[in-house]
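What follows is calculated from the coordinates using simple rules that are stated; it is not laboratory data. Bear in mind that the values here come from a model prediction, so they are computed numbers and not experimental data. Quick reminder, even Gly has a Cβ in these numbers, built from the backbone with ideal geometry, and neighbours come from all protein chains shown.
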């Protein structure tokens, strides 16, 4: 079992900064109610926990998700990135081969979503 990875439009809705981010793994606590109201798209499934415990990221996190997570900041960072032509083109160029048991979205749907929200900020979150 893994988590669902979503790209959300906007800035992460921060409730507060965690006083012990290293112990809690997240620098910021996110307001999940507000996050769920933001436009978002499901990117796929992954098990970052299993990947971390085993050291086998390629088995538990699909390659496309690994690459997207390097391009777009996660909610825990409290940061976002602007969706621009370069980001869209970079994601279009990602090899969408998935050699894991986890499902991923159709690349075409993700690109359409990003193009629709071009010029806006985004981040990813795992649910």
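Would you mind ranking 117, 8 so that the residue whose beta carbon has the fewest other beta carbons within 10 Å leads the list?
Lowest count first: 117, 8.
Label-to-label distance for residue 14 and residue 85 is 3.2 nm, based on points extended 7 Å past Cα in the beta-carbon direction.
Compared with the direct C-alpha span, the chain from residue 56 to residue 42 gains 2.7 nm at full extension, assuming 0.36 nm per residue. Of 52, 78, 44, the residue with the greatest mean-square motion in the GNM of the chain, using alpha carbon springs below 10 Å, is 52.
By the helix-only formula, in which each DSSP H run with n ≥ 4 contributes -39500 (n - 2.57) and the sum is divided by residues, the chain has a 222 nm mean residue ellipticity of -9500 deg cm²/dmol. Label-to-label distance, residue 94 versus residue 70, with points set 7 angstrom from Cα along the beta-carbon direction: 1.1 nm.
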